[in-house]
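Encoded as structure tokens, the structure appears first; notes follow it.
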Amino acid sequence: MKLKRILGLGVATALLGALSAGTATAQEQRFVSVGTGGVTGVYYPVGGALCRLVNQTRRDHGIRCSVESTGGSVFNVNAIRGGDLEFGVVQSDVQYNAFNGEASFADTGAHEDLRSVFSLHAEPLTIVARAGANVSAFDDLKGKRVNIGNPGSGQRALMDLLIEEKGWTNADFALAAELAPAEQSAALCDNNIDAFAYTVGHPAGSIEEATTTCDSVIVPVEGDVVDRLVEESPYYFKAVIPGGMYRGTEEDVNTFGVGATLVTSANVPEDVVYTLVQSVFENFDSFTDLHPALENLTPEEMISQGNSAPMHPGAERYYQEQGWLE
């Protein structure tokens, strides 16, 4: 009986210790959120991939990562600025404009605490038009019903710029719709719009939905205005959407676009950013296998391209340890 009491006391002590340790672990957990975009785009699954890799080793570092579907690039930058998000996926031009207080950030001023983490996939501006809408070039959109993108999204920011550079206004469209990405394919195939604009990595579910549900084509975006924008701005580049990727478009389509980037705030602790970066690059093959848009990424390009805001010290420390940065 005495031995049983001793054993019982030992078990109880062990259980108490385990419970105490579990409570301490729970108390030490930290939560971070990654702002992305619509669930039918590429940002959302990419954000999910980032969080999945961080959460795999949560027991080691106590950081729990969650992915948030948001209005897109501009929304994510503003949410990071306001402290509502720790990380966000944003277009490279939006990152530049936010840090420098230009374009849609002219009124709010430069976001001087914005920090880059790494760049991601290319995002060509993709114009999808119904086959019967008589749209074979960007200029044919004039007088048509066009979804230019929801406010706060990267495609809206890029479309606003392109429209302005061409000397147009939204009044030049029969309708300038502001639908979110999840709504635009159905609107096209229901004949509520003639075309929509989307900056997105390929292949993209929203484009596949539109091109398989109804007869539609991908329209080139090229010409003098595009040439000038690419020449003057380091965050724009020409791109090609491969022919045969989507039904109805058998030939390569010339366009231009931006890159997706991951950003954070200088106020996010160094070890949190370091852990996220480490989780990605120590599982790099797993990361690039999680979505076709990521499959051609290289660490060197992710560090050197599209990052116009200063590098966060946590990311910088990891890259220096790997010998990728001096």
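Counting only residues that are assigned to a strand (DSSP E or B), within 15 Å of the chain's Cα centre (by Cα) and β-branched (Val, Ile, Thr), how many does segment 93-144 have?
The qualifying residues number 1.
What are the residues in segment 32-46 that are at pLDDT below 95 and not in a loop (DSSP other than H, G, I, E, B), if any?
Of everything in segment 32-46, those that are at pLDDT below 95 and not in a loop (DSSP other than H, G, I, E, B) turn out to be TYR43, TYR44, PRO45, VAL46.
Tell me which residues, restricted to segment 199-228, are within 30 Å of ILE303 (Cβ to Cβ), in contact with a helix residue (DSSP H, G or I) (Cβ under 7 Å, 6 or more places away or on another chain) and not in a loop (DSSP other than H, G, I, E, B).
Selection gives THR199, SER206.
GLY82 passes all but one of (1) modelled with pLDDT of 95 or more; (2) in contact with a helix residue (DSSP H, G or I) (Cβ under 8 Å, 6 or more places away or on another chain); which number fails?
(2)
List every residue pair whose Cβ atoms sit under 8 Å apart, with the two residues 6 or more apart in sequence or on different chains, where the first one lies in segment 311-324 and is in contact (Cβ under 8 Å) with a residue 12 or more places away in the chain and the second, anywhere, is among the acidic types (Asp, Glu) and surrounded by fewer than 18 Cβ atoms within 10 Å (Cβ to Cβ).
Every condition considered, the pairs that remain are HIS312/GLU270; PRO313/GLU270; GLY314/GLU270; GLY314/ASP271; ARG317/GLU270; TRP324/GLU300.
Consider segment 50-80. How many of its residues are part of a helix (DSSP H, G or I) and surrounded by fewer than 19 Cβ atoms within 10 Å (Cβ to Cβ)?
Looking only at that region, the number is 7.
Out of the residues in segment 269-320 that are of a type in the set (Asp, Glu) and more than 27 Å from GLU112 (Cβ to Cβ), which is modelled with the lowest pLDDT?
The extreme case among them is GLU295.
Say whether the condition of being in contact (Cβ under 8 Å) with a residue 24 or more places away in the chain, in a loop (DSSP other than H, G, I, E, B) and within 24 Å of GLU232 (Cβ to Cβ) is met by at least one residue in segment 151-165.
So far as segment 151-165 goes, yes, one or more of its residues are in contact (Cβ under 8 Å) with a residue 24 or more places away in the chain, in a loop (DSSP other than H, G, I, E, B) and within 24 Å of GLU232 (Cβ to Cβ).
Of all residues in segment 166-186, count the ones that are in a helix (DSSP H, G or I) and crowded, with 17+ Cβ neighbours inside 10 Å.
Looking only at that region, the number is 5.
Taking segment 285-295, which residues are in contact (Cβ under 8 Å) with a residue 60 or more places away in the chain and polar (S, T, N, Q)?
Matches in segment 285-295: SER286 only.
Exactly one condition in (1) in contact with a Ser or Thr (Cβ under 6 Å, 6 or more places away or on another chain); (2) under 17 Å from LEU53 (Cα atoms) is not met by VAL272; state its number.
(1)
Table: residues versus (1) buried (at least 18 other Cβ atoms within 10 Å of the Cβ); (2) out of contact with any Gly (no Cβ under 9 Å at 6 or more places or on another chain); (3) over 12 Å from ARG130 (Cβ atoms); (4) at pLDDT below 95.
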{"position": "CYS189", "(1), (2), (3), (4)": "yes, yes, no, no"}
{"position": "ALA204", "(1), (2), (3), (4)": "yes, no, yes, yes"}
{"position": "ASP215", "(1), (2), (3), (4)": "no, no, no, no"}
{"position": "VAL240", "(1), (2), (3), (4)": "no, yes, yes, yes"}
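Can you list residue pairs whose Cβ atoms sit under 8 Å apart, with the first residue in segment 263-284 being assigned by TED's automatic domain parsing to the domain that holds ALA110 and the second being acidic (Asp, Glu)? Count only pairs 6 or more apart in sequence or on different chains.
From segment 263-284, the pairs are THR264/GLU86; SER265/GLU86; SER265/ASP113; ALA266/ASP113; ASN267/ASP113; VAL268/GLU86; VAL272/GLU86.
Of the conditions (1) surrounded by fewer than 18 Cβ atoms within 10 Å (Cβ to Cβ); (2) touching a residue at least 40 places away in the same chain (Cβ under 8 Å); (3) over 20 Å from PRO124 (Cβ atoms); (4) not basic (Lys, Arg), GLY143 clears all except one; give me its number.
Failing condition for GLY143: (2).
The values are calculated or read from the model by the stated rules, or taken from the named source; none is laboratory data. Because the structure is a prediction, the values reported are computed rather than measured. All Cβ positions, even for glycine, are placed from backbone atoms using ideal geometry, and neighbour counts span all protein chains on display.
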